[in-house]
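For reference, the structure is listed below as C-alpha cells.
Derivation of every value follows stated rules applied to the coordinates shown; laboratory data play no part. Since we're looking at a predicted model, the values are computed, not measured. Glycine also receives a Cβ, built like all others from the backbone with ideal geometry; neighbour counts cover every protein chain displayed.
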Amino acid sequence: MRRTRRWGIIALITAMLMLGGLVGSAFLRPAHALDLGDVLRVGGIILVVSAFGNQINSFINSALGQREAATVGATKVVPIFSVGRGAYVGAAQVMGLPASVQRTQGVAAIELTVGDLEGSGLIPVTTRRPGRVLDRVSAVGISAIIDFRI
C-alpha cells in the first residue's frame, strides 16, 4: 500500500513538472546566446561611433539636406544602448539646442511588454555606460537611427 502511494505521488509530481514546463515554454521567448562575432560587433559599435561619429553625422545631414529636410540646431551621433541587456545596439543622431546636444552622450533604448502589447522608447541621456543612472537630456530629439542587428 505504501509503495503504491509513493509511486502515485512520484507520478503526480512528474506530471505536474512536465505540464508546468509545457505551459511555461508557451509564454517564454527562446533564449539567444551571443557568440564571439556578436560580442565583437557589439563592442565595435562604440568604437565606430567614437571614431567616425563626425563623418556619420555629416553624411546624415547632407542626405537629409538633399531631401529638403535640413536639420535646425546642432546635431551629433551617439551610441544607442539597450537598458535591459546592457549592450550597444546601434547609433542615433540627436539634434536640438547646441548646449543640450553637447551634454548628450548616448541614447537609452527601453523596451516594455504588457500582455500582447510591446513598445519601445529612445531617450537621450548624459552617459555612455548602460549600467549607470540614466539622466535624461531635455530639448534634444532623435533625427536618425543607425541600427545594427545582433
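Tabulated data for the structure shown
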quantity	calculated
Semi-axes of the equivalent ellipsoid for region 91-150, Cα gyration tensor, largest first, Å	22, 13, 12
Packing rank of 52-64, 94-106, where each peptide gets the mean count of other beta carbons within 10 Å, highest leading	94-106, 52-64
